[in-house]
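Student: Handing you a structure now.
The values are calculated or read from the model by the stated rules, or taken from the named source; none is laboratory data. Computed from a predicted model, the values in this text were never measured in an experiment. Cβ: placed from backbone, ideal geometry, glycine included. Neighbour counts: every protein chain shown.
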């Protein structure tokens with residue numbers, strides 16, 4: 001997720017060098033949050049899977065994923081970056097959006113962990129249980 005923030009910050013600074021925004025529509029906070037969530041997921045996917053494949057161009061694939069995200073949310077690239085610049089210039093609003101995205105990520109990660117280990121103990125707990133049973137066995141033998 002941190003890589004996504006760095007990526008978006010770099011893109012923002014490159015975009016902002018072009019001067020003031022030309023009056024594009026600012027996406028509402030909830031909608032911008034959804035778009036940013038998808039952008040972070042796309043960046044994570046690029047970093048985790050596509051970066052490992054040397055035959056794939058990372059930036060090209062990331063740009064392609066971004067374009068698909070814009071189509072999915074029915075916005076333009078300019079709408080997103082204009083909104084991103086606006087929210088970046090209003091850190092109080094941006095902080096709330098990023099905090100919400102972080103909470104969502106934690107909630108989803110927690111849900112995935114529960115699904116993965118439902119009905120069984122996590123590997124860490126299983127290891128601790130084995131150690132305890134070995135200690136119990138040694139204690140009984142002694």
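Student: Restricting attention to helices (runs of 4 or more DSSP H) lying wholly within region 74-142, give those where 2 or more residues are farther than 30 Å from residue 35 by Cα and modelled with pLDDT under 95. So that I can check it myself, show each step before the final result.
Tutor: Values: elements: 77-88, 91-116, 123-141.
Hits in region 74-142: 123-141.
Student: Considering only residues of region 18-48 that are loosely packed, with under 12 Cβ neighbours inside 10 Å and closer than 22 Å to residue 104 by Cα, which is modelled with the lowest pLDDT?
Tutor: Taking the candidates together, the pick is 48.
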